[in-house]
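Note sheet for the following structure.
The values are calculated or read from the model by the stated rules, or taken from the named source; none is laboratory data. Please read these numbers as outputs of a predicted model, since none were measured by experiment. Don't worry about glycine lacking a Cβ; one is built from the backbone with ideal geometry, like all the others, and counts go over all protein chains shown. Note: accessible area is taken over every heavy atom of the protein model, side chains too, but ligands, DNA and RNA are not part of it. Shrake-Rupley method; radii C 1.70, N 1.55, O 1.52, S 1.80 Å.
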Amino acid sequence: MTSKPLPTRHIVSINDLSNRDIETIFEIAQAYLDELPDPQFSYRIGRSTHVASNFILASLFYEPSTRTRLSFESAMLRLGGQTITSADPATSSAAKGESLADSVRVIANYADLMVIRHPRDGAARLAADYSPIPVINGGDGSHEHPTQTLCDLFTLKKKNRHLKNLKIAISGDLRGSRTIHSFVYALARFGANIMPMPARGMGLPAHVDRRLREEFGCKIVTASKAESDDAPIDALYVTPEEPHQPSLFSAAEINLDAALTEKKVDAVYVTRFQKERWADKDQPYPRIDKKFLNAPKYSGASVLHPLPRVGELDASLDTDIRAIYFQQAAYGVPVRMALISLLLGLHKGKSLHKFEGGFAKQSLPIYDQPRSVGMHCPNKNCIVHEPMESQYVRNRFFIVRTDAGESCKLRCGYCESDVEKFVVAHKKNKWFSKDRGMLLRPDEQHLRELIVFADEADAREAGFHFRRNFTNPLSPVRERLKSRS
Ligand code: NCD
């Protein structure tokens, strides 16, 4: 008798897991730590089990990795499973020019789930589109690294027992670090407050900042003055009391300077300069050391780092009781054991449900055209620009309402960066308009008739002419005005 197959769950973004899913993963990770202890260190897995003895994990790494790949493989081996690895693009079919979409479909025949790392933003989403087995994102460009966030949250939770109302400073390259992007979404969802301390010019990407405010309900409060020259602290994302509700307070009610400076910091999360993602490799960068942590507000702050570190976190801190980054790396094994075993359906009565409870992801309408039609994602590092993938990607964007539902922006279906400037053309009528509201008409048939161009010049070059005064028939405000006149 064959049992009903599990629905395939891909973990591309931390937002593919509900808060309840994350709690379940932590419960199981703790159970593995308790059942398979290392006699010397409470944060290490010291023995193996056989629960996954019939399963194979494939690791497909197109970018350097130590922790992520080895802790995934260790996790699978500790579960009694087997691993197969392609860790060097130079010795895999990628060197012959094979697309990711093809590699994934082939490897899916050899394993039961796969973890993938890739230098392009959105590569894991493309892999998931083509994979019949679960794909876990082990880091895609500067987009996301959801399983690192699971380790980070688990570490914070073990230390503080809860995440709500913690004040977490994040230091360094907040633009290029994928670990930061997954981490801040999760912090906001669990009600922690986020204090960015970016290196100069390396603040959170605009789309991450907007999502924190617009979708996760954070209020951003800014200080009247920078706190220190080394690590200017000029803002705090304050998560509402109830993360699932719109914010219950207004920024004006918060004493900004007090919020920034008075409350003690619970953790400092340090990241390295992601030099592989920047053209200018020689930029000033903050360094976290004993002197920095001597400030009274950091007296009880744990220090976390996804590692590797390359000078931004002083080694003299290693013996400081606040330094918990090696524990954080050790937790990679139980946390990934929990995730793998859940994805494989090895826990009776426990599984990962798509956004059941927790922080529900909006189901957004999708604009979807072949790659040859209209605008591509403007993020140059997005997987849609990878020549080897050109036949396998589409111009696919989520339509996100803005301006009280009157207008919209687009969010790339792969790398999730936002596009605010574009024009909309009508395929059959051969005209284009600047009225983005056209994308908000609800029926799919209508959406299929529309093409988005980056600007007027591109629309004209494709043979469309400008149409002024287009009226969106479904625009509620316009409807009301019309009925009054
Ligand atoms: C991180 C990554 O690859 O994004 N490493 C990791 O997985 N622990 C952090 C980094 O490379 O800076």
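As a summary of the residue check, SER3 satisfies the conditions (1) at pLDDT 95 or above; (2) under 21 Å from PRO134 (Cβ atoms) except for the one numbered (1). Of the residues making up the range 95-117, those that are open to solvent by 20 Å² or more (accessible area, probe 1.4 Å) and in a helix (DSSP H, G or I) number 6. The residue pairs whose first member lies in the range 155-180 and is touching a residue at least 12 places away in the same chain (Cβ under 8 Å) and outside any loop (DSSP other than H, G, I, E, B), whose second member is more than 13 Å from the ligand (Cβ to nearest atom) and not aliphatic (A, V, I, L, M), and whose beta carbons are closer than 6 Å, counting only pairs six or more residues apart or on different chains, are LYS159/SER302; LYS167/ASN193; LYS167/LYS263; LYS167/ASP266; ILE170/PRO196; SER171/PRO286.
Flag set for ALA128, criterion: crowded, with 17+ Cβ neighbours inside 10 Å, away from the ligand (no atom under 16 Å from the Cβ) and under 23 Å from SER177 (Cα atoms).
Inclusion of ILE136 among residues that are in a helix (DSSP H, G or I), open to solvent by less than 20 Å² (accessible area, probe 1.4 Å), of a type in the set (Val, Ile, Thr) and in contact (Cβ under 8 Å) with a residue 60 or more places away in the chain is not warranted. Considered as a group, the residues in the range 306-320 that are closer than 22 Å to ASN294 by Cβ and within 12 Å of the ligand (Cβ to nearest atom) include one that is surrounded by the fewest Cβ atoms within 10 Å (Cβ to Cβ), and that residue is ARG309. Identify, from the list ILE383, ILE399, the residue that is in contact (Cβ under 8 Å) with a residue 60 or more places away in the chain and more than 18 Å from ALA462 (Cα to Cα). Checking each option against the conditions leaves just ILE383. Out of CYS408, CYS412, one residue alone is farther than 15 Å from MET375 by Cα and either buried (at least 22 other Cβ atoms within 10 Å of the Cβ) or under 22 Å from the mean Cα position of the chain (by Cα) (or both). It is CYS408.
Contact map, the range 264-279: residues that are at pLDDT below 95 paired with residues that are within 16 Å of the ligand (Cβ to nearest atom) and assigned to a helix (DSSP H, G or I), Cβ distance under 8 Å, separation 6+ or inter-chain. No pairs are found. Once the range 80-94 is narrowed to residues that are in a helix (DSSP H, G or I) and open to solvent by less than 70 Å² (accessible area, probe 1.4 Å), the residue that is farthest from the ligand (Cβ to nearest atom) is SER93. Within the range 38-69, the set of residues being in a loop (DSSP other than H, G, I, E, B), open to solvent by less than 60 Å² (accessible area, probe 1.4 Å) and within 14 Å of the ligand (Cβ to nearest atom) comprises TYR62, GLU63, SER65. In the range 377-396, the qualifying residues are those that are in a loop (DSSP other than H, G, I, E, B) and out of contact with any Cys (no Cβ under 8 Å at 6 or more places or on another chain), and the one that is surrounded by the fewest Cβ atoms within 10 Å (Cβ to Cβ) is LYS380.
Residues in the range 415-443 that are under 30 Å from ASN137 (Cα atoms), of a type outside the set (Lys, Arg) and surrounded by fewer than 18 Cβ atoms within 10 Å (Cβ to Cβ): 1 in all. Return the residue satisfying two criteria in turn: it lies in the range 156-200 and is among the charged types (D, E, K, R), open to solvent by less than 10 Å² (accessible area, probe 1.4 Å) and in contact with a strand residue (DSSP E or B) (Cβ under 8 Å, 6 or more places away or on another chain), and of such residues it is nearest to the ligand (Cβ to nearest atom). By that ranking, first place goes to ASP173.
Remark: ALA323 matches the filter, which requires a residue to be at pLDDT 95 or above and surrounded by 18 or more Cβ atoms within 10 Å (Cβ to Cβ). At pLDDT 90 or above, out of contact with any helix residue (DSSP H, G or I) (no Cβ under 7 Å at 6 or more places or on another chain) and surrounded by fewer than 14 Cβ atoms within 10 Å (Cβ to Cβ): does that describe PRO284? Yes; evaluated as a whole, the condition is true for this residue. Consider the range 349-376 and keep the residues that are aliphatic (A, V, I, L, M) and open to solvent by less than 30 Å² (accessible area, probe 1.4 Å). The one that is modelled with the lowest pLDDT is LEU352.
A quick yes/no check of all residues on (1) touching a residue at least 60 places away in the same chain (Cβ under 8 Å); (2) within 23 Å of the chain's Cα centre (by Cα); (3) under 24 Å from HIS305 (Cα atoms):
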{"site": "HIS10", "(1), (2), (3)": "yes, yes, no"}
{"site": "ASP16", "(1), (2), (3)": "yes, yes, yes"}
{"site": "ALA29", "(1), (2), (3)": "yes, yes, yes"}
{"site": "SER48", "(1), (2), (3)": "no, no, no"}
{"site": "SER74", "(1), (2), (3)": "yes, no, yes"}
{"site": "GLN82", "(1), (2), (3)": "no, no, no"}
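Reported count of residues in the range 70-79, each being within 9 Å of the ligand (Cβ to nearest atom) and either open to solvent by 70 Å² or more (accessible area, probe 1.4 Å) or not polar (S, T, N, Q) (or both), is 0.
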